[in-house]
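Any read-out appearing in this document is the output of simple, stated calculations on the displayed coordinates, not a laboratory observation. The structure displayed is predicted, hence computed values, not measured ones. We place every Cβ from the backbone using ideal geometry, glycine too, and count neighbours over all the protein chains shown.
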Amino acid sequence: MNINIGWLYPDLMNTYGDRGNIIALSYRLSKMGIKSIVNKISVNELASLIPKMDIIFMGGAQDKQQEIVNKDLKIKGKYLKTVIENGMPGLYVCGAYQFLGKYYKEADGNIINGIGAFDLYTESPGLNVPRCIGNIVIESKLFPGVKLVGFENHGGRTYLANKNLAFAKVIKGYGNNGEDLTEGIFYKNSFGTYLHGPILPKNPELADYLIEKAIERKYGKDIKLGRINNQWEEKARSWVMDKL
Amino acid sequence: MILVWIPAYAGMTANKIMNFFLILLGKLIIKISQLFKIGSGSTWPGHIALIFNDKFIEDVVNRNKNLKIIVIAGTNGKTTSTALLKFLLEKSGHKVFTNSEGANLLNGVASSIIKNSNVFSKLDFDFAIFESDEFNLPLLLKKISPDKILILNLFRDQLDRYGEVNTIALKWLESLKTLTNKTEIFINGDDPQLYFIGSKLSQKVQYFGVETSLMELKNIPHDVDSIFCPVCLSLLHYHQLSFAHLGDFYCSNCQFKRGEVVDFSDIKINYPMSGLYNVYNTNAVLLLLKSLVGSVIPVKTGIQNKWLSEFTPVFGRQEEIIYKNRKVFILLSKNPAGFNQSIQTVNEIIKKPSFVPLSVTSKGKANFLIILNNRIPDGLDVSWIWDVDFKPILDVAGNVYVSGDRVYDLNLRLKYENDAKNIMTFENLTDAVESIVNKTKEGERLFILPTYSAMLEVRKILLGRKLL
């Protein structure tokens with residue numbers, strides 16, 4: 001078995017250690033005896049690579065880099081929207097999460113269109129409003145009995161059209177907008193989230209969920225995946241949680 | 001109100017009188033903090049002075065027209081470069097003061113002024129060198145117009161505190177533009193974004209870099225920050241790179257490319273510290289010094305080289321401490337670019353023929369203690385450790401012990417790099433230090449890679465006291 005991981009814009013959208021998510025997916029796949037192939041898909045690569053992937057990951061970036069990506073997404077965005085709609089598992093963090101919404105409204109009112117894969121929009125609260133920065137703890141119905149942990153650092157506030165699609169509920173921190181206690185979005189096997197940390201190493205449930213869905217789509221439901229001992233992942237998570 | 005009349009009061013304006021008392025008070029605070037060992041007084045006196053007179057820094061500086069001011073900014077290498085420049089200037093017979101290590105905010109600058117001036121705001125020095133962190137540079141330049149500014153580099157560091165690299169670069173450019181042509185600027189010409197800043201300035205700008213034969217990377221590493229063309233926003237290309245985003249860059253879409261840099265490849269420089277990042281730091285300092293040669297520094301390369309060989313690193317930066325007869329080598333490692341450079345330096349040291357490998361285990365050449373804290377000076381967010389490439393360390397390591405506030409994040413990072421390696425975790429730093437020292441035989445080498453606050457802690461353990 002092999003799984004193709006599509007890493008979108010690794011050279012431009014990798015500001016907050018998000019590379020750790022790729023490391024985590026590859027590590028866990030290899031523990032399960034599955035070969036992982038990491039495909040870097042950036043400005044110079046063809047959009048037609050996207051449908052050939054099994055899992056998509058895209059991270060956050062700085063404003064200037066996002067400008068470049070925004071231009072490139074004019075073409076790749078259509079492919080991305082289609083695979084998300086078709087249920088390809090994916091993880092979209094911070095800047096990527098915002099890009100996948102309908103639009104981003106800047107402080108001066110200028111609107112940057114997103115690709116519209118998720119029914120949400122993001123607004124800058126104005127230049128003098130502090131960013132949402134800090135440790136964040138969330139709870140998701142997908143993973144009952146577990147609290148997920150990460151670090152958020154975003155200026156934009158995101159609002160979901162349908163709050164039932166939120167990925168998780170905020171226990172501590174800001175999440176989507178610091179107001180409605182929602183965090184991220186979960187839509188047809190795709191996750192949008194503000195959690196860095198990076199999110200996957202310390203929250204192996206989410207990493208394994210993406211992997212299971214990818215295997216299921218590619219090889220069918222009957223595949224039994226090996227269990228991984230998560231003692232160090234859980235220790236790292238509970239250690240942070242205890243300090244909060 | 002009757003004041004005791006002393007001649008110096010005559011002719012003093014209200015501001016001068018206030019500064020007189022602020023300096024007096026500040027000096028008193030410094031004395032008290034030293035007496036009771038509650039710190040070195042490198043921030044509080046300045047903090048208080050700035051509360052009462054927010055123009056304190058410019059007031060005092062403007063009263064010392066003969067004092068030449070040099071500002072050193074950048075993400076990594078500020079403290080080392082400041083110390084090296086101070087050392088070389090003093091060797092050539094000049095009086096120099098600096099803001100002490102770590103105190104690179106405005107209050108640190110003000111404190112250093114209080115410490116070094118007399119109560120009448122007189123600074124009896126030839127040079128002041130102020131190191132400034134990313135955020136404070138524009139604030140400082142609003143107050144003073146330095147004679148020279150050295151800009152070392154700009155890497156991602158504490159994004160939760162400083163903000164994003166592009167934002168900082170933009171703020172720097174705006175702030176540098178406001179300075180007059182009196183200020184000479186020295187910029188890292190291997191850094192595309194900084195080179196771009198230089199090209200937009202009307203002041204005299206000179207560029208330093210390293211010779212291309214030292215640039216061993218062919219591909220862009222993953223701790224990069226500035227890989228788009230600052231002119232046309234296309235992806236940048238490199239003929240070769242030294243580390244992070246520093247290298248021989250060019251844009252294939254527009255004309256933007258690396259220009260002429262001074263790399264001192266024509267003369268043999270006696271580099272005082274290991275690692276490519278210290279070649280950058282040294283070249284930067286030498287280029288700045290070169291602009292003083294003939295006017296205030298009458299020296300030749302030969303003498304400079306002799307002086308360079310006498311320079312000892314600043315604490316925690318490739319500092320060797322002998323502890324229980326073990327050679328403990330501390331390399332401050334506080335952000336991805338810095339950490340990756342520390343790792344490269346360790347490998348350089350281990351490859352030297354004179355290096356004595358571990359005798360006990362045939363598996364590794366040296367023992368390592370890596371410490372990850374996430375206090376305010378370190379940055380609260382530890383995501384960045386996933387941008388560090390730990391493989392070269394795990395490849396040469398005998399025992400790897402980890403500790404610090406976020407010991408288990410670090411442990412997980414290393415496990416995901418190579419889970420065959422046995423990594424020991426310690427919640428208590430003293431236990432970690434003692435255990436790894438016990439694992440290291442007398443005369444053998446132990447490398448400690450700590451974040452900033454961890455470095456201070458580990459030095460305290462090794463030296464038995466708080467020593468800056």
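What the table below lists for this structure:
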| quantity | calculated |
| --- | --- |
| Cα-Cα separations in the range B:312-445 greater than 18 Å, expressed as whole percent | 54 percent |
| Enclosed volume per residue, in Å³, of the convex hull spanned by Cα atoms of the range B:121-206 | 106 Å³ |
| Cα→Cβ-extended label distance, 7 Å offset, between B:Leu463 and B:Lys268, nm | 3.4 nm |
| Largest-first principal axis extents of the Cα set of the range B:170-226 (Å) | 39, 22, 12 |
| Summed residue charge, Cβ within 15 Å of A:Trp239's Cβ, Lys/Arg positive, Asp/Glu negative | +2 |
| Fewest-first ranking of B:Asp431, B:Asp387, using other Cβ atoms within 10 Å as the exposure measure | B:Asp431, B:Asp387 |
| Among A:Gln65, A:Gln231, A:Gln98, residue whose mean-square fluctuation peaks in a GNM of chain A (springs only between Cα atoms under 10 Å) | A:Gln231 |
| Pairwise FRET efficiency - B:Leu139 versus A:Glu139, Cβ, R0 = 35 Å, nearest 0.05 | 0.25 |
| Viscosity 0.692 mPa s, 37 °C: Kirkwood-radius Stokes-Einstein D of the range B:36-162 over Cα pairs, µm²/s | 221 µm²/s |
| Kirkwood estimate for the range B:319-374, i.e. one over the average of 1/r between Cα atoms, Å | 12.8 Å |
| Greater than 20 Å apart at Cα, pairs in B:Lys327/B:Lys352; A:Lys35/A:Lys213; A:Lys163/A:Lys221; A:Lys40/A:Lys224 | A:Lys163/A:Lys221; A:Lys40/A:Lys224 |
| The range A:128-244 - charge dipole about Cα centre, Lys and Arg +1 at Cβ, Asp and Glu -1, debye rounded to 20 | 140 debye |
| Least to most buried among A:Tyr92, A:Tyr159 (fewest other Cβ within 10 Å first) | A:Tyr159, A:Tyr92 |
| Alpha-carbon spread of the range A:72-131, three principal axes, descending order, Å | 40, 20, 19 |
| Spin-label pair B:Thr430/B:Cys254, simplified geometry with 7 Å Cα→Cβ offset, distance in nm | 5.8 nm |
| Calculated over the range A:1-85: convex hull of Cα atoms, volume per residue (Å³) | 85 Å³ |
| Rg and Dmax [Cα atoms of the protein assembly as shown; Å; Rg one decimal, Dmax integer] | 26.8, 96 |
| Dimensionless Rg ratio for the range B:358-397, taking C-alpha atoms and the 2.2 N^0.38 Å reference | 1.54 |
| Charge dipole magnitude, Cβ of K and R +1, D and E -1 - the protein assembly as shown, Cα centre, debye nearest 20 | 840 debye |
| Helix-only mean residue ellipticity at 222 nm for the protein assembly as shown, each DSSP H run of n ≥ 4 adding -39500 (n - 2.57), per residue, nearest 500 | -10500 deg cm²/dmol |
| Neighbourhood charge, 10 Å Cβ-Cβ cut-off, centred on B:Val109 and excluding it, Lys, Arg +1 and Asp, Glu -1 | 0 |
| Prolate/oblate/rounded call for chain A, Cα gyration tensor, a/c under 1.5 rounded | oblate |
| Mean Cβ neighbour count within 10 Å, used as a protection proxy, ranking B:433-446, A:197-210 highest first | A:197-210, B:433-446 |
| Neighbour net charge for B:Lys182 - beta-carbon separation under 13 angstrom, K R +1, D E -1 | +2 |
| Packing-based exposure ordering (other Cβ within 10 Å, fewest first) of B:Arg326, A:Arg217 | A:Arg217, B:Arg326 |
| Pairwise FRET efficiency - A:Asn162 versus B:Glu58, Cβ, R0 = 60 Å, nearest 0.05 | 0.60 |
| Cα convex hull of chain B - mean projected area over all directions, nm² | 24.2 nm² |
| Listed pairs A:Lys147/B:Lys415; B:Lys65/B:Lys142; B:Lys16/B:Lys91; A:Lys218/B:Lys391 exceeding 27 Å between Cα atoms | B:Lys16/B:Lys91; A:Lys218/B:Lys391 |
